[in-house]
Amino acid sequence: MTLSLTEDQAGFRSLMAQWPTGVTVVTTTGPDGPAGCTVNALMSLSDSPPLIVLALCAGSSTLGHLRRTGRFAITVLSSGQGGLCSDFSALPAARRFHRTEVRDIDGLPVPGGGVAALTCDVADELPYADHVLVVGAPRWSEIRHELSPLLVHRRELKAVL
């Protein structure tokens, strides 16, 4: 199948769905408590100094809270956290944390049970199209080697065994 990607948004989404990617939850603090959303647009930017970059929708309430605090946390979801992924992508913001244990790390809400987690200071941001690229400088991290990550491929959640 050949697509005219400049005119076919659904075709472009279908193309990008072929790329398996990890699933994360990005969290921060809002005026009424924890705030966050599901994000799969995350990558390392540099290892010297350590920097990551994530993409958030320009209209995201999580982005607004992240800008206000200047800090955020990332939790790499484990294979058993499909429900958490759904909660953070589909539920109203006030109900996203209802089924997860949350730890306070560096004053940020960090859901438990993930393969890895880190907290970051916002180092920079770049608005681009309908998203904002946020550069984060890690402050704290943990890795749980005994867990397997959750992936999304062709719009389906998949566990890595």
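The values are calculated or read from the model by the stated rules, or taken from the named source; none is laboratory data. All figures in this text were calculated on a predicted structure; none of them were measured in a lab. Cβ atoms come from the backbone with ideal geometry, glycine included; neighbour counts cover every protein chain shown. To get the accessible areas, we keep the full protein, side chains included, count just its heavy atoms, and leave off ligands, DNA and RNA. Shrake-Rupley method; radii C 1.70, N 1.55, O 1.52, S 1.80 Å.
When all C-alpha to C-alpha distances in the chain are sorted into bins of 5 Å, what percent of pairs does each bin hold, rounded to whole numbers?
Going from the shortest bin to the longest, the percentages are 2, 9, 18, 21, 21, 15, 9, 3, 1, 0.
Quickly work out the A41-to-R155 label distance, labels modelled 7 Å from Cα along the C-beta direction, and quote it in nm with one decimal.
Each label point lies 7 Å from its Cα, and together they span 1.8 nm.
In Å², what does the accessible area per residue of the chain work out to with a 1.4 Å probe?
Spelled out: the 1.4 Å probe surface of the chain, per residue, equals 57 Å².
Roll a 1.4 angstrom probe over the protein heavy atoms and tell me the percent of accessible area of the chain that is carbon or sulfur.
On the way: 5040 of 9100 Å².
Percent of accessible area from carbon and sulfur atoms in the chain: 55.
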